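Here's the structure we're looking at; comments come further down.
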Amino acid sequence: MLKLIRRSAVILLVLYIALFGLTKAIRYPEPIAAIKLGLAPASKTPELMPFHVIAAAPSSAIAWPVGASEVINEVSWNGAKVSFDEFLIATQTNAFIVIRSGKITYEKYFNGKTESTVLPSYSVAKTMTSLIIGQLIDEGTIREADTFVAILPEFKAGTSFDKVTIKDLLDMNSGIGVSDNYPTGPSGWGVAIAQMYATTDMNFFIKHNRKMREDPGTYPEYRSVNTELLGLIIQKVTGNKLADEFSDRIWKKVGAQYDATWNVDKVGGHEKAFCCFNATARDYARVGLALMSGTPKIASTSWKARLSNPVVNLDYGWGYAAQMWHPYQGINLMLGLHGQFIYQDALHDTVIVKLSDMPTSVDGISDKVAAVLRQVAEKKS
């Protein structure tokens, strides 16, 4: 028995060393860290990758005014009338906030989360990245017509990749062949989007994933690699971390109460601009409200118009523009995997934040969840 245990231990050690060598070669976290990341629920992932801090300015934090508390009794969900709590539990909600006329009218947390809990937003980060891009365009630092490789020539490929513009990246129209396919199970970690999510060397990933599926500007499809390239542009033209730029340009301006984080490939490296922005529910709401109301000003009139007018149609037939979704006319939506929503309805002066732990296996029901948010915003049961 002792001999068998020793033999098993030696085999496991050899396997681990082999896996360690493989993960190092492909720029993945070491095996145990990669397994933890792959198995963790969405709300735990911010702590499992390195990050840069997005500093708040607590002394100037804007206190939330509290409005008349509202009760949400029933909503239509999956073809039936259900209690609102039933909907929140069914969609594995961690935080749900309703802001009407700038005041909190509904706020609820689940699973031990509180108003100070930092939660991931996944692809909501795409809109956060776009806000910085918009400011840089307004300042004349970059133009939408600029190509990616004109700013970062070290990535020239000698193909139509070299023709990809900032506009193409903003509108998911680049043609770069990195699909947002999230298969479940261990096999899923071999696909390109998973590699980009877990990579410890973003430059290595981009240099090995410049293959084009279509010519730029010919076929819009939601691909997270586009946003990552926007993040690299921001770092290059500012000379700063994406997290620091966001802190100065957005986070402190909106009066965020808590520091946020942005996961990176490695400390001092590149933020994963397409995902991995982590903050409290109330501070997400501050960004949504500032963008919708124009106070404080984090987007110019022209950039707000750019964000608010769809130019392509993507998943669910929804409109899309400059990293912002448009599920319904007049609605701006920041949307992230696993059920993250910042819903902005200017007509009804309402912002809704929903942060969740929905598994990848139920991805594809964002349209159903958005329909409930619309009911809440419009006070329809």
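Contact map, the range 313-339: residues that are in contact (Cβ under 8 Å) with a residue 12 or more places away in the chain and assigned by TED's automatic domain parsing to the domain that holds C276 paired with residues that are of a type in the set (K, R) and part of a strand (DSSP E or B), Cβ distance under 7 Å, separation 6+ or inter-chain. Pairs shown: G339/K354. Any residue at all in the range 226-249 that is in the same structural domain as V164 (by TED's automatic domain parsing), buried (at least 17 other Cβ atoms within 10 Å of the Cβ), within 15 Å of the chain's Cα centre (by Cα) and among the acidic types (D, E)? Checked against the condition, which is being in the same structural domain as V164 (by TED's automatic domain parsing), buried (at least 17 other Cβ atoms within 10 Å of the Cβ), within 15 Å of the chain's Cα centre (by Cα) and among the acidic types (D, E), the range 226-249 yields at least one hit. Of all residues in the range 53-71, those being surrounded by 15 or more Cβ atoms within 10 Å (Cβ to Cβ) and modelled with pLDDT of 95 or more number 3. Residue selection: D215 fails the criterion of being modelled with pLDDT of 95 or more and either out of contact with any Ser or Thr (no Cβ under 9 Å at 6 or more places or on another chain) or among the small types (G, A, S) (or both).
Per this entry, D168 is counted among residues that are touching a residue at least 40 places away in the same chain (Cβ under 8 Å) and out of contact with any helix residue (DSSP H, G or I) (no Cβ under 7 Å at 6 or more places or on another chain).
For the residues E228, E245, E214, the requirement of being in a loop (DSSP other than H, G, I, E, B) and acidic (D, E) singles out E214. Scan the range 285-336 for residues that are of a type in the set (F, W, Y), buried (at least 16 other Cβ atoms within 10 Å of the Cβ) and assigned to a helix (DSSP H, G or I) and the total you get is 1.
Every residue, every condition in (1) of a type in the set (K, R); (2) in contact (Cβ under 8 Å) with a residue 12 or more places away in the chain, yes or no:
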| position | (1), (2) |
| --- | --- |
| A192 | no, yes |
| Y197 | no, yes |
| P216 | no, yes |
| V225 | no, yes |
| D244 | no, yes |
| D248 | no, no |
| K252 | yes, yes |
| V267 | no, yes |
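Of all residues being touching an Asp or Glu at 6+ places or on another chain (Cβ under 9 Å) and outside any helix (DSSP H, G or I) in the range 145-156, which is nearest to L232 (Cα to Cα)? Just the residue, please. Result: T147.
Within the range 78-100, the residues that satisfy the criterion of being assigned to a helix (DSSP H, G or I) and either buried (at least 20 other Cβ atoms within 10 Å of the Cβ) or among the charged types (D, E, K, R) (or both) are F84, D85, E86, F87, L88. In the range 157-208, the qualifying residues are those that are of a type in the set (S, T, N, Q), in a loop (DSSP other than H, G, I, E, B) and at pLDDT 95 or above, and the one that is surrounded by the most Cβ atoms within 10 Å (Cβ to Cβ) is S174.
The values are calculated or read from the model by the stated rules, or taken from the named source; none is laboratory data. Remember, it's a predicted structure, so these values are computed and weren't measured experimentally. When we count neighbours, we look across all protein chains shown, and the Cβ atoms used for this are built from the backbone with ideal geometry, even at glycine.
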